[in-house]
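In what follows, a single structure is set out as structure tokens and then discussed.
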Amino acid sequence: MDLNLAPVGDGKVIHGYGDGGFRVSADRYEGSLIVTRDTVLPLTASRVSDIDAEALAAVLAADSGVEVMLLGCGQRMEMVPKALKEAFRARGIGIEPMDTGAACRTFNVLLSEDRRVAAALIAV
């Protein structure tokens, strides 16, 4: 799925998703990802239950500056595992689950609003 969007400065922009990966800015990435304004990191998860605080340590780090974490759950939204929700709450970071497509679109919108956003995206 290609996403139509306006430029958002120097930040990483999700231009497309599907076929087991993502197109972020000018690059194609296979598999699941963590995306922030400045970085793209691999995420070794194929479903939400595979994701824990350790997998998202870069976002949970005290100096990450992230205020909201989008959790792209794959084809459909799933509930955030309790331990993961508590890890984000303890650091004052909101975590919002949604399907991966919605997470990609929401990431771009929040980035364009200059929000401190990150997304953990399960590949579809």
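The values are calculated or read from the model by the stated rules, or taken from the named source; none is laboratory data. Computed from a predicted model, the values in this text were never measured in an experiment. All Cβ positions, even for glycine, are placed from backbone atoms using ideal geometry, and neighbour counts span all protein chains on display.
Restricting attention to the stretch 39-67, the residues being over 21 Å from residue 114 (Cβ atoms) and not in a loop (DSSP other than H, G, I, E, B) number 7. Inspection of the stretch 95-108 identifies no residue that is more than 14 Å from the chain's Cα centre (by Cα) and farther than 21 Å from residue 16 by Cβ. Scanning the stretch 80-124 for residues that are among the hydroxyl-bearing types (Ser, Thr, Tyr) and either at pLDDT 95 or above or crowded, with 22+ Cβ neighbours inside 10 Å (or both) turns up 100, 106. Going through (1) surrounded by 13 or more Cβ atoms within 10 Å (Cβ to Cβ); (2) at pLDDT 95 or above; (3) in a loop (DSSP other than H, G, I, E, B) one by one, residue 11 falls short only on (2).
Residues checked against (1) out of contact with any Cys (no Cβ under 8 Å at 6 or more places or on another chain); (2) closer than 19 Å to residue 55 by Cβ; (3) in a helix (DSSP H, G or I):
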site	(1), (2), (3)
69	yes, yes, no
80	yes, yes, no
84	yes, yes, yes
88	yes, yes, yes
101	yes, no, yes
105	yes, no, yes
